[in-house]
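Here is the structure we will look at.
Derivation of every value follows stated rules applied to the coordinates shown; laboratory data play no part. Fair warning: this is a prediction, and the values are worked out from it, not measured in the lab. For neighbour counting, all protein chains shown are included, and Cβ atoms are generated from backbone atoms with ideal geometry for every residue, glycine included.
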């Protein structure tokens, strides 16, 4: 849908550009795009043939805008996706994707219509994609085949244009796969902290201090990638006059530590 919407916008821009160019030399004219005649000026719509200058302007505008569109969509670049399905755990489903800009989303159901935004630091994103490269963009099996306890089905996906790779496993002995899994688990945990803070602030304000302690423990252990996504909630809690003073102070201290990139002082 994103591509279709973008294409409609580009074609509309092409029609406007062509009408402006053709109108300067031919007055009331029509530019055909996709078999449709667009009227310019008052009076009934008429399908008129453009003079050669108008046709050239129309073609040039369309080609130029479509070329820009191809660059825009290509700029999205590669992205990786992680899914963990484990009915015996909470949540039973966790899925996220991240692109090379560090942007992504986290969901707790395949049809989750309220995903949690992800924005990783450049160094965090580089570390993830470096591991993806070492795993040949998931083009090779990762399952160990060992008889070990089931800890959930993990799925790694890689997409870059027409290239799409996917690998599934329960347990892998590949050290790079283990490191990447840990990265994905930590990114997912950050998003769950966002969800938990929102839920606790709304329905269990007495539990806010414990929720903040969990966030602080993860941050102090360097297990909170994309921590800046927590700042809106932390700032909101810090400014909430109905919250306990200790809770306000802890939230403010955590927010300051995340912005500074260093551990928060104990409280």
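A few notes on this one:
- Rounded if a/c under 1.5, otherwise prolate or oblate - the range 79-260, Cα gyration tensor axes: prolate
- Extension gain from residue 220 to residue 109, taking 0.36 nm per residue of separation minus the Cα-Cα distance: 37.0 nm
- Whether the range 72-144 is rounded, prolate or oblate, judged on the alpha carbon gyration tensor where a/c under 1.5 counts as rounded: oblate
- Residue 101-residue 150 pseudo-label distance in nm [points 7 Å out on the Cα-to-Cβ vector]: 3.9 nm
- Shape category assigned to the range 162-211 from the gyration tensor of Cα positions, a/c cut at 1.5: prolate
- Residues 250, 192, sorted so that the one with the fewest Cβ neighbours within 10 Å comes first: 192, 250
- Separation of alpha-carbon centers, the range 183-239 and the range 150-164, rounded to whole Å: 27 Å
- Projected label distance in nm at residue 246 and residue 205, using a 7 Å step from Cα toward the beta-carbon: 1.6 nm
- FRET efficiency for residue 259 and residue 143, using Cβ-Cβ distance with R0 set to 45 Å, rounded to 0.05: 0.65
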